[in-house]
1. How do the pairs read when you match residues in the stretch 307-321 that are of a type in the set (Lys, Arg) with residues anywhere that are assigned to a helix (DSSP H, G or I), using Cβ under 6 Å and keeping only pairs 6 or more apart or on different chains?
2. Any idea which residue in the stretch 392-404 is farthest from Asn349 (Cα to Cα), counting only those that are among the hydrophobic types (A, V, I, L, M, F, W, C) and surrounded by fewer than 21 Cβ atoms within 10 Å (Cβ to Cβ)?
3. Do we find a residue being over 30 Å from Leu379 (Cβ atoms) and modelled with pLDDT of 80 or more anywhere in the stretch 10-28?
4. Write out, first by first residue and then by second, each pair whose Cβ atoms fall under 9 Å of each other, whose residues are 6+ apart or on separate chains, and whose first residue, in the stretch 96-115, is in the same structural domain as Leu82 (by TED's automatic domain parsing) and touching a residue at least 12 places away in the same chain (Cβ under 8 Å) while the second is assigned to a helix (DSSP H, G or I) and basic (Lys, Arg).
5. Could you grab me the full set of residues in the stretch 328-343 that are out of contact with any Gly (no Cβ under 7 Å at 6 or more places or on another chain), over 18 Å from Thr307 (Cα atoms) and surrounded by fewer than 24 Cβ atoms within 10 Å (Cβ to Cβ)?
Amino acid sequence: MPGSVSPTPPTVAADDAAPSSVAVSGPAHLLRVTLLMAGSCLPILGAVLIAPVLPKMQDHFASTPGAKVLVPLALTVPALSLALLAPFAGVIVDRLGRERLLIVATVLYAVFGTAPLWLDSLGAIIAGRALVGVTEAAIMTCCTTLIGDYYSGHRRVKYLALQTMCASASATVFFVLGGAVGAAGWKAPFWVYAVSLVLAPLMASALPGRADRPAGTANEPHEPHQHPTHASAAGTPSAVASPGVRRPFPWRQLAGVCALTFFGAMVFYTVPVEMAYLLDDLGVVNSGVIGLATALASAATVAGAITFARLKRSPDPMLPGVFAVCAAGFGVMFLADTAPLLVIGAVINCLGTGMLLPALLTSAMSRLAFEDRGRGTGLWMAAFFGGEFVCPLVLLAVAAGVGSLAGAVGVLGLGAALVAAGLWAAVRRRAGDVDPRPLPERLA
């Protein structure tokens with residue numbers, strides 16, 4: 001059992017450690033999960049909310065030099081900030097504490113998010129949007145790290161999958177909300193960012209703090225309690241690091257997951273970004289049809305996340321199959337000569353991406369001990385949002401080379417198939433060393 005003392009302790013994964021003394025049932029638990037999921041949706045809010053009003057912004061700043069480039073940048077710059085700053089947010093999370101940073105960042109999110117309501121300069125608005133990305137980096141890193149702290153085994157898989165489901169579903173909701181509120185003017189959607197002022201005090205009262213941490217532990221104040229003996233990222237039990245003792249960060253183990261995540265983010269983001277253009281190439285220009293197709297793909301992503309959570313298996317052996325599903329979806333989209341066939345391919349692909357994101361994140365978490373989890377999560381976030389940011393640029397470059405966007409999607413599908421084959425070969429090589437049993441369940 002985790003934490004037991006024996007002359008020759010068995011090798012366990014960091015995921016097996018007893019990560020927290022917090023309750024895993026009851027009203028307090030439900031409120032805690034709800035707040036973590038709501039916090040995880042704030043970066044999605046920042047990414048899509050103002051998309052429907054970009055044409056109105058373009059008209060408003062028509063006389064501003066470079067507006068055709070700068071207005072779309074107002075939408076995308078938070079993701080760039082998040083990708084660049086997430087590793088630093090992870091370091092701060094490990095040093096200052098998760099809960100404290102999460103509350104401060106959630107308050108600042110409202111301040112910077114609503115700033116365009118008072119600003120008239122397009123340059124100032126973009127600067128404010130960049131600061132929104134800074135707070136998003138802290139919020140997303142903290143929420144994901146806390147999920148890893150509070151839960152282990154299958155519960156961790158369940159809530160990381162739930163995080164993906166909430167993010168995917170909220171993207172559609174926020175897009176519709178932005179369009180509806182935007183009818184009152186291009187500035188109106190920015191009021192929605194103030195919702196984080198409701199979340200911050202609830203987080204301060206509901207997330208476990210010093211009172212939940214037994215006396216005598218070596219952890220930072222305001223953090224969930226770690227068992228005195230827990231698994232290290234290398235897979236062998238070790239004592240909690242005492243002051244002045246440095247443990248090596250598992251760079252090598254995390255590097256492979258982050259590289260996969262960078263590529264996986266491009267796979268994940270292709271359908272949401274390019275679906276409208278692919279439909280347009282097939283002659284579909286009705287915005288209602290395009291919206292319905294995007295909604296179907298988004299629903300498939302949620303279904304994939306649910307499927308992943310219900311499988312109750314370790315993530316690494318699943319990754320080859322998940323990438324293969326994504327590749328199959330891209331293959332159908334590449335061959336599609338009608339809109340219905342294109343939508344079928346997108347649904348297949350998004351079913352795979354719904355499993356892909358929690359699989360990659362769970363795989364990364366399983367390699368991180370408590371002391372490294374903030375920094376490791378930040379690196380993972382940087383890889384994911386970095387891949388998301390370059391996705392349209394890569395597809396644009398490939399499309400120029402192969403002659404069409406559909407061709408570029410086909411090339412990406414081929415890449416996903418090659419990754420699936422490589423991962424399958426690696427899993428086969430490790431078959432004798434990998435425990436095929438389901439993830440362990442931490443008993444309350």
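1. Lys312/His154
2. Going through the qualifying residues, I end up with Ala400.
3. Yes, there is a match, as at least one residue in the stretch 10-28 is over 30 Å from Leu379 (Cβ atoms) and modelled with pLDDT of 80 or more.
4. Arg98/Arg373; Phe112/Arg129; Gly113/Arg129; Ala115/Arg129
5. Selection gives Leu335, Asp337, Thr338, Ala339, Pro340, Leu341.
Residues checked against (1) aliphatic (A, V, I, L, M); (2) part of a helix (DSSP H, G or I); (3) surrounded by fewer than 22 Cβ atoms within 10 Å (Cβ to Cβ):
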position: Met37; (1), (2), (3): yes, yes, yes
position: Pro43; (1), (2), (3): no, yes, no
position: Pro52; (1), (2), (3): no, yes, yes
position: Pro55; (1), (2), (3): no, yes, yes
position: Gln58; (1), (2), (3): no, yes, yes
position: Ser63; (1), (2), (3): no, no, yes
position: Leu70; (1), (2), (3): yes, yes, yes
position: Leu73; (1), (2), (3): yes, yes, yes
position: Thr76; (1), (2), (3): no, yes, yes
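The values are calculated or read from the model by the stated rules, or taken from the named source; none is laboratory data. A quick note: this is a predicted structure, and the numbers were derived from the prediction, not measured. Methodologically, a virtual Cβ is constructed for each residue, glycine included, from the backbone with ideal geometry; neighbour enumeration extends over all protein chains shown.
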